[in-house]
Amino acid sequence: MNVTYTVDGQAGELPMPGPYLLVAKPEDLAELVASIHWRAQPIPPPCCTVHLKSVDGLDLGEFEVRSVVRPIFTAKAVSQG
């Protein structure tokens with residue numbers, strides 16, 4: 001099943017498995033579409049507008065999606081004891 005969308009006016013289409021669409025919230029789809037769009041940008045914008053134009057034939061509306069960077073912690077052994 002295809003999800004037709006725009007991100008800040010740029011059109012796109014994303015093939016999605018039908019079972020995922022049965023459990024995904026519209027906000028989840030908007031975040032997924034925004035993350036795909038942001039990966040193609042050299043510097044992701046702090047927010048964008050996603051319009052889910054056609055999801056299983058339904059217009060799910062527009063969403064503001066914000067890019068929030070959270071701290072990531074990594075551990076490396078310096079000694080074994």
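Derivation of every value follows stated rules applied to the coordinates shown; laboratory data play no part. Computed from a predicted structure; not experimentally measured. Cβ sites come from the backbone with ideal geometry, for glycine too, and all protein chains shown count toward neighbours.
Brief remarks follow.
- Extension gain from S67 to E13, taking 0.36 nm per residue of separation minus the Cα-Cα distance: 17.3 nm
- Across every pair of non-identical alpha carbons in segment 4-81, the mean reciprocal distance, once inverted, gives a Kirkwood radius of 14.3 Å.
- Note on the chain: helix-only mean residue ellipticity at 222 nm, from DSSP H runs of 4+ residues weighted -39500 (n - 2.57) and normalised by residue number, equals -7000 deg cm²/dmol.
- Where chymotrypsin sites (Phe, Trp or Tyr not before Pro) fall in DSSP loop in segment 4-81, at most 14 other Cβ within 10 Å: F73
- Sorting S79, S54, S35 from the fewest to the most surrounding beta carbons within 10 angstrom yields S79, S35, S54.
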